[in-house]
1. Could you grab me the full set of residues in the range 123-154 that are surrounded by 19 or more Cβ atoms within 10 Å (Cβ to Cβ), more than 17 Å from Ile211 (Cα to Cα) and more than 12 Å from the chain's Cα centre (by Cα)?
2. Restricting attention to the range 1-50, which residues are open to solvent by less than 10 Å² (accessible area, probe 1.4 Å) and over 23 Å from Leu192 (Cα atoms)?
3. Suppose we filter the range 161-215 for residues that are within 30 Å of Lys8 (Cβ to Cβ) and aromatic (Phe, Trp, Tyr); how many remain?
4. Helices (runs of 4 or more DSSP H) wholly in the range 146-244 with at least 2 residues that are away from the ligand (no atom under 11 Å from the Cβ), in contact (Cβ under 8 Å) with a residue 24 or more places away in the chain and within 20 Å of Leu259 (Cα to Cα) - which ones?
5. Restricting to the range 220-240, count the residues that are open to solvent by 60 Å² or more (accessible area, probe 1.4 Å) and touching a helix residue (DSSP H, G or I) at 6+ places or on another chain (Cβ under 9 Å).
6. Can Leu161 be described as farther than 19 Å from Val199 by Cα, among the hydrophobic types (A, V, I, L, M, F, W, C) and open to solvent by 10 Å² or more (accessible area, probe 1.4 Å)?
7. Suppose the filter is more than 15 Å from the chain's Cα centre (by Cα) and either over 19 Å from Thr162 (Cβ atoms) or of a type in the set (S, T, N, Q) (or both); does Val179 pass it?
Amino acid sequence: MLRVVICKNPDEVGYQASRQVIESMQRTLAKSDRYVLGLPTGETPLPLYGYLIAAFYAGEIDFSAVHTFNLDEYVGLPPNHAQSYRYFMMRNLFDFVNIPVHQTHMPNGLTRDVNQECARYERLIESLGIDLWVLGIGRNEHIAFNEPGSSRESKTRKVKLTLDTIEANARFFESHDQVPTEALSVGISTVLDNSKEIVLMATGLSKAQAIAIALLGPVSGWIPASYLREHEHCTFYLDKLAASNCEQVIGEGVCPEYLEVVYAE
Ligand code: F6R
């Protein structure tokens, strides 16, 4: 059963998702000496990261035993490049909490041996396991950089970004031709088969069609996010705009049986 939480705005999406992450961290760390969190970059998770930093400063959570795995990294960008995902994570989360830097894992986009680097990353994820993986979604329904046509069994590998994704990412670069066209990305299997819980966040009208298709369309590699319906503990946090193409269906009595829809207060 996939849970959908409809929130009034992007800030509420970040807040509600942060409550699930914080409770999962607290619950796990009460009985284990490690918590493993999967993370996305992008615009959508920024409010979530703000709430996690606030919870850290409030003494609610402690990151000293937390390990993180990011979904992806651009090929060819050094970690100190302002658009690398390592730099993004430092600037938006890691610099503000007490996480030891060696516990923050990302694929190395500068590797000379792509196959070996991807195998190393996949093995590390499999050996630690992921307590909770947070995801965003692309306008083309990608999760991580698993673009349409990705296989359910895909693992960490080098991927070519679609024109739509390159165009969406261009907003962060000075010019279009600086946008990397390849990335190292975890696969759909990497996320689905190693995570105890999954949280997907989507905000804004540009995600409305992707969300409607992921929730109501067929489960298929052409709709990578649709595979999340096969996971036992997956929650979508959507703002009103991201839910707007399907809310008339899922918010009414005709909601499919595999969805549980709730409204955040
Ligand atoms: C980022 C990632 C992508 C983004 C997605 C949404 O690490 O893997 O799948 O989550 O492209 O990006 P935003 O949040 O910028 O709309």
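1. Once the filter is applied, which keeps residues that are surrounded by 19 or more Cβ atoms within 10 Å (Cβ to Cβ), more than 17 Å from Ile211 (Cα to Cα) and more than 12 Å from the chain's Cα centre (by Cα), the range 123-154 yields Ile125, Ile130, Asp131, Ser150, Ser154.
2. Within the range 1-50, just Cys7 meets the criteria.
3. 1
4. The helices (runs of 4 or more DSSP H) meeting that bar are 208-216.
5. 2
6. On the way: farther than 19 Å from Val199 by Cα: yes; among the hydrophobic types (A, V, I, L, M, F, W, C): yes; open to solvent by 10 Å² or more (accessible area, probe 1.4 Å): yes.
When the stated conditions are applied, Leu161 passes them.
7. For Val179, the condition - more than 15 Å from the chain's Cα centre (by Cα) and either over 19 Å from Thr162 (Cβ atoms) or of a type in the set (S, T, N, Q) (or both) - is not met.
The values are calculated or read from the model by the stated rules, or taken from the named source; none is laboratory data. If you're wondering where the values come from, they're calculated on a predicted model, not measured in any experiment. All Cβ positions, glycine included, derive from the backbone under ideal geometry; neighbour counts span all protein chains shown. Note: accessible area is taken over every heavy atom of the protein model, side chains too, but ligands, DNA and RNA are not part of it. Shrake-Rupley method; radii C 1.70, N 1.55, O 1.52, S 1.80 Å.
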